[in-house]
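The next block holds one structure in the form of structure tokens; read it before the comments.
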Amino acid sequence: MPVLGVIHPGAQAAVNTNAHTIGVIGTDSTIKDGAYEREIHKIDPTIDVISKATQPLVSIVEHGLTNTPQAQQTVNEQLSIFDTHPVDALILGCTHFPFLRNQFKIKLEKRQN
């Protein structure tokens, strides 16, 4: 039975975008561990990685608050680091985070305008 991980495929996909700077968001423990940053640097040590623990986003998803003003406000606050430290690609380092895809898109599009 194959056992599949998420860190290497996510890091590889982000590197394949030809990004110079990659953002990683995840739970406190994921970011503290640094696994995504290590994996990215194994593939390409020249890429800058900006990691941010975004634990409050887990609660938004677990409480069924996606697609609400509260979700957007929390995403805006949690991703504000990327306003001053722009990234070319963003790794969603938690299985909860794809549920907030619409809020991420709104936040990151505002940054580009």
In whole percent, the Cα-Cα distances of the range 44-107 spread across 5 Å bins from 0 upward as 3, 17, 31, 25, 13, 7, 3, 1
Helix 69-78: inclination vs the chain longest Cα principal axis, degrees, rounded to 10, gives 40 degrees
Dipole check, the chain, charges on Cβ (K,R +1; D,E -1), about Cα centroid: among L65, V87, N16 the Cα furthest to the positive pole belongs to L65
From DSSP H assignment alone, runs of 4+ in the chain each adding -39500 (n - 2.57), the sum over residues rounded to the nearest 500 puts [θ] at 222 nm at -13500 deg cm²/dmol
Expected unfolding gain across T21-D88 under the 0.36 nm per residue rule, minus the alpha-carbon gap, is 23.6 nm
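Averaging sequence separations of C-alpha pairs under 8 Å and six or more residues apart, then dividing by the length of the chain, give the relative contact order as a whole percent.
With pairs under 8 Å counted, the relative contact order is 34 percent.
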Stretched fully, the stretch from K105 through A13 gains (0.36 nm per residue minus C-alpha distance, one decimal, in nm) 31.3 nm
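Any chance you could count the Lys pairs in the chain whose alpha carbons are under 20 Å apart, treating pairs 8 or more apart or on different chains as valid?
Close lysine pairs found across the chain: 6.
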Rounded to whole Å², per residue accessible area for the chain with a 1.4 Å probe reads 59 Å²
Sorted largest first, the Cα spans of the chain on the principal axes come out in Å as 40, 39, 21
Residue span S80 to I50: 0.36 nm per residue of separation minus Cα-Cα distance leaves a gain in nm of 9.6 nm
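The values are calculated or read from the model by the stated rules, or taken from the named source; none is laboratory data. As the structure is a computational prediction, the values presented were derived from the model and not from experiment. Heads up, the Cβs are rebuilt from the backbone with ideal geometry, glycines too, and the neighbour counts pull from every protein chain shown. Please note that ligands, DNA and RNA were not included when accessible areas were found on the heavy atoms of the full protein model with its side chains. Shrake-Rupley method; radii C 1.70, N 1.55, O 1.52, S 1.80 Å.
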